[in-house]
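Below is one structure; the comments refer to it alone.
What follows is calculated from the coordinates using simple rules that are stated; it is not laboratory data. All values derive from a computational prediction rather than experimental measurement. Cβ sites come from the backbone with ideal geometry, for glycine too, and all protein chains shown count toward neighbours.
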Amino acid sequence: MTRLLAALCVIFSLSIPAMAQERGPYSFGMLVTNDSLGDGRDRWRTGSVASSHVWAPGWTGQGDYGLGQVWELRVNAEVMGPENLATPAPLDRVYAQALSFGLHTHFQRNAIEYAIGGELVLTGPMTQLDHVQEALHDVLGGRDASPATKAAQVSNDVDPAVVFEAGREFQLGQRTRLRPFVEARAGVETLVRAGADFTLGQFGQGGLLVRAPVTGHRYSVIQEAPYSGLSLMVGADTAYVHTSEFIPSSGPVQLNETRNRARAGLHWRSRAGSSVFYGLTWLDKEFGTQREEQVVGSVQLRIKF
């Protein structure tokens, strides 16, 4: 299975440029999230990477665009764990690893932006994301998951999933925008979410943003219209969670049906087009015996040569 995953990654990396030449402009975006960038503790929603490869023929960033004109290959990876990786408390969440590959399309009708797609989510030790975590701990410090923690982790599985989001942006002033949205997910986690994002500045105008599943931050994939300067983004949402295979009903803890998030971030872009984003996200408790909420940090760096 490890060789299969490696082969899939190679195939994706080789095939995307070819598709980009066929269908039009190709863009890439990635957001890295880790609790070491937030509250500094290695626990629960400890680390994730959200990445998007987009090809969009005839993209202008203005007006409506049709179903199938913008395609996104989404690859996400995440590690979740108990508060203490070496000796978990009896009523803490189990260790979990998830790697997903998805194909999504973005379109806009009557000023409402839609994103819909399907994913295959691989869970368990076959993803070998725990080795990535251990390598990072070797560099940055931190405890590794003990053999007992890994033995109790979410098992190997491959699950289909669907994701849907709809949102509309309202211009409140020359540099201020509000974007309410709704989101639904079914598969490894089945939930319905509603919230809003507020932007002060020009971040995202004329570009394509994709929402990271863990934090809700929207990261840049297709670059915005030319501008320079600083932008502030804040947002919040609440979700009704029906099921989560990361917190299985057969496990030691009970899933909370309500899940809240609040986030804020700063984005700076130079006149040459290089940019940096840093954001913080407050994550509510996901299960009944979770000792407290947590704060994670996210970064995106784009350098234009």
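Which loop trypsin sites (Lys or Arg not before Pro) in region 160-214, with loop taken from DSSP, have no more than 10 other Cβ atoms within 10 angstrom of their Cβ?
Values: sites: ARG168, ARG175, ARG177, ARG185, ARG193, ARG211; in loops: ARG175.
Counting only loop positions with at most 10 other Cβ atoms within 10 Å, none of the trypsin sites (Lys or Arg not before Pro) in region 160-214 qualifies.
What list of ³J(HN,Hα) couplings, whole Hz, do you get for region 202-216 from phi and the Karplus terms 6.51, -1.76, 1.60, once you set θ to phi - 60° and write x for glycine and proline?
9, 4, x, 5, x, x, 10, 10, 10, 8, 6, x, 6, 9, x
Give the Rg/Rh ratio for region 147-240, taking Rg as the radius of gyration of the Cα atoms and Rh as the Kirkwood radius, to two decimals. All intermediate terms of the calculation are to be shown ahead of the outcome.
On the way: Rg = 17.1 Å, Rh = 15.5 Å.
That ratio is 1.11, to two decimals.
Which of LEU191, SER155, LEU129 sits closest to the plus end of the dipole of region 122-202, meaning its Cα is farthest towards the positive end, when Lys and Arg get +1 and Asp and Glu get -1 on the C-beta?
Result: LEU191.
What percent do you get for the relative contact order of region 2-302 when only Cα pairs under 8 Å and 6+ apart count?
Details: 751 pairs, mean separation 47.2, N = 301.
Taking the mean separation of contacting Cα pairs over the length of region 2-302, I get 16 percent.
Only Lys, Arg, Asp and Glu count, each charged at its Cβ (+1, +1, -1, -1), so figure out the dipole size of the chain about its Cα centre, rounded to 20 debye. Intermediate values should be presented prior to the final figure.
Details: 27 positive and 30 negative charges, 184 e Å.
Dipole about the Cα centre, nearest 20: 880 debye.
Counting other Cβ atoms within 10 Å, keep those with at most 13, restrict to DSSP loop, and tell me which trypsin sites (Lys or Arg not before Pro) in region 243-305 are left.
Details: sites: ARG259, ARG261, ARG263, ARG269, ARG271, LYS285, ARG291, ARG302, LYS304; in loops: ARG271, LYS285, ARG291, LYS304.
Qualifying residues, ordered by number: ARG271, ARG291, LYS304.
Taking GluC sites (Glu not before Pro) as candidate sites, keep only those in a DSSP loop with at most 13 other Cβ atoms within 10 Å, then name the longest stretch of the chain containing none of them. Intermediate results must be reported in sequence, preceding the final value.
Details: sites that count: GLU257, GLU292.
Here the longest run is 1-256.
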